[in-house]
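Reading through the structure tokens given below for one structure.
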Amino acid sequence: ENLRAWKRQVVQASGLNPNTLILGADVVDAFLTHPDILNQLDTRRVDMGKIDPMMLPEGVTYYGYLKDIGCDLYGYDEWYIDPIDDTEKPMVPVNKIWMGSTRARCSKHTAVIQDVAYGNFAVQRFAKSWLVEDPSRRFVMLQSAVLLAMHQPDAFISAQVV
């Protein structure tokens, strides 16, 4: 029920049908053990009634297609160190569902590289090298200032599962 309501909310706000669900670890565990979900989940990789998730690169796991709402289900197992409290945290909070459309307009822009010697300008990559004497050596640096832009934020929803 909640998934259908969230899907309608995204469609009403953006005009785009969400087609992807990214599930936190606790949500994946609850989904894959719930009999109603298992009856609706098209894993496309069924082996005698056993779910056989497809492991994708970079910590992504494909769990199947939920026919009822027309979404592919993914888990993302990756962590980062939070600089505020110096603790390791999952990229996708364990009790969250992120629903969105892969057709939403999102783009990658180039922000300004700030360099005292060469000035301020926007380029995809800025290469710079310099020499230091005694002992003689060359340093090489490559800079990039990527700015990700979500032009249709209403095509996404984040929900907490309790």
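Against the definition (outside any strand (DSSP E or B), touching a helix residue (DSSP H, G or I) at 6+ places or on another chain (Cβ under 7 Å) and at pLDDT 90 or above), how does A104 come out, yes or no? Explain how you work it out, then say what you get.
Numbers: outside any strand (DSSP E or B): yes; touching a helix residue (DSSP H, G or I) at 6+ places or on another chain (Cβ under 7 Å): yes; at pLDDT 90 or above: yes.
In short, yes.
Within segment 80-94, which residues are closer than 20 Å to L148 by Cα and over 12 Å from the mean Cα position of the chain (by Cα)?
The one that is closer than 20 Å to L148 by Cα and over 12 Å from the mean Cα position of the chain (by Cα): Y80.
If you check M54, M48, which single one turns out to be modelled with pLDDT under 75, among the hydrophobic types (A, V, I, L, M, F, W, C) and surrounded by 13 or more Cβ atoms within 10 Å (Cβ to Cβ)? Spell out how you get there, then give the answer.
On the way: M48 fails: surrounded by 13 or more Cβ atoms within 10 Å (Cβ to Cβ).
Every option except M54 fails the conditions.
Filter segment 1-36 down to the residues that are small (G, A, S) and within 18 Å of the chain's Cα centre (by Cα) and list them by number.
So in segment 1-36, the residues small (G, A, S) come out as 5, 13-15, 24-25, 30.
Result: G24, A25.
Across segment 109-135, what is the number of residues that are aliphatic (A, V, I, L, M), in a strand (DSSP E or B) and either surrounded by 10 or more Cβ atoms within 10 Å (Cβ to Cβ) or touching an Asp or Glu at 6+ places or on another chain (Cβ under 9 Å) (or both)? First the steps, then the outcome.
Looking only at segment 109-135, we keep the residues that are aliphatic (A, V, I, L, M), and these are 111-113, 116-117, 122-123, 127, 131-132.
If we keep only those that are in a strand (DSSP E or B) too, we end up with 112-113, 122, 127, 131-132.
Subset that is either surrounded by 10 or more Cβ atoms within 10 Å (Cβ to Cβ) or touching an Asp or Glu at 6+ places or on another chain (Cβ under 9 Å) (or both): 112-113, 122.
Within segment 109-135, residues that are aliphatic (A, V, I, L, M), in a strand (DSSP E or B) and either surrounded by 10 or more Cβ atoms within 10 Å (Cβ to Cβ) or touching an Asp or Glu at 6+ places or on another chain (Cβ under 9 Å) (or both) number 3.
List, please: which pairs have Cβ atoms under 6 Å, are six or more places apart or on different chains, and start with a residue in segment 71-85 that is within 16 Å of W6 (Cβ to Cβ) and modelled with pLDDT under 90 and end with one that is open to solvent by 40 Å² or more (accessible area, probe 1.4 Å) and outside any loop (DSSP other than H, G, I, E, B)?
Note: pairs meeting the criteria are D72/Y65.
Under 6 Å between Cβ atoms, at least 6 apart or on separate chains: pull out the pairs that start in segment 1-19 with a residue that is touching a residue at least 24 places away in the same chain (Cβ under 8 Å) and end on any residue that is of a type in the set (G, A, S) and part of a helix (DSSP H, G or I).
Note: pairs meeting the criteria are S14/A155; L16/A155.
Regarding segment 118-133, can at least one residue be identified that is β-branched (V, I, T) and more than 24 Å from A13 (Cβ to Cβ)? Walk me through it before giving the result.
Our first condition is that a residue be β-branched (V, I, T); within segment 118-133, this holds for 123, 132.
Restricting the remaining residues to those that are more than 24 Å from A13 (Cβ to Cβ) gives 123, 132.
Yes; the residues of segment 118-133 include at least one that is β-branched (V, I, T) and more than 24 Å from A13 (Cβ to Cβ).
Anything in segment 117-162 that is of a type in the set (G, A, S) and under 28 Å from N17 (Cβ atoms)? List them, or say none. Walk me through how you get there before you give the answer.
Taking segment 117-162 and keeping what is of a type in the set (G, A, S), we get 117, 119, 122, 127, 129, 136, 144-145, 149, 155, 158-159.
A149, A155, S158, A159, listed by residue number.
Could you tell me whether R138 is open to solvent by 100 Å² or more (accessible area, probe 1.4 Å) and assigned to a strand (DSSP E or B)? Show your work before the answer.
Details: open to solvent by 100 Å² or more (accessible area, probe 1.4 Å): yes; assigned to a strand (DSSP E or B): yes.
So R138 passes the test.
Condition test on I97, is it open to solvent by 60 Å² or more (accessible area, probe 1.4 Å), within 21 Å of the chain's Cα centre (by Cα) and among the aliphatic types (A, V, I, L, M)? Give the steps one after another, and end with the answer.
Working: open to solvent by 60 Å² or more (accessible area, probe 1.4 Å): no; within 21 Å of the chain's Cα centre (by Cα): yes; among the aliphatic types (A, V, I, L, M): yes.
No.
Those residues that are of a type outside the set (V, I, T), surrounded by 15 or more Cβ atoms within 10 Å (Cβ to Cβ) and either closer than 24 Å to M91 by Cα or at pLDDT below 80 (or both), I need them from segment 1-25; list them, please.
L3, W6, K7, P18, N19, L21, L23, G24, A25
Just one of A149, A159 is surrounded by 14 or more Cβ atoms within 10 Å (Cβ to Cβ) and either among the charged types (D, E, K, R) or not in a loop (DSSP other than H, G, I, E, B) (or both); which is it? Lay out the reasoning, then the answer.
On the way: A149 fails: surrounded by 14 or more Cβ atoms within 10 Å (Cβ to Cβ).
Being surrounded by 14 or more Cβ atoms within 10 Å (Cβ to Cβ) and either among the charged types (D, E, K, R) or not in a loop (DSSP other than H, G, I, E, B) (or both) holds for just one of A149, A159, which is A159.
The values are calculated or read from the model by the stated rules, or taken from the named source; none is laboratory data. Because the structure is a prediction, the values reported are computed rather than measured. In this analysis, Cβ positions are derived from the backbone assuming ideal geometry, glycine residues included, and neighbour counts consider all displayed protein chains. These accessible areas exclude ligands, DNA and RNA; they are computed on the full protein's heavy atoms, side chains included. Shrake-Rupley method; radii C 1.70, N 1.55, O 1.52, S 1.80 Å.
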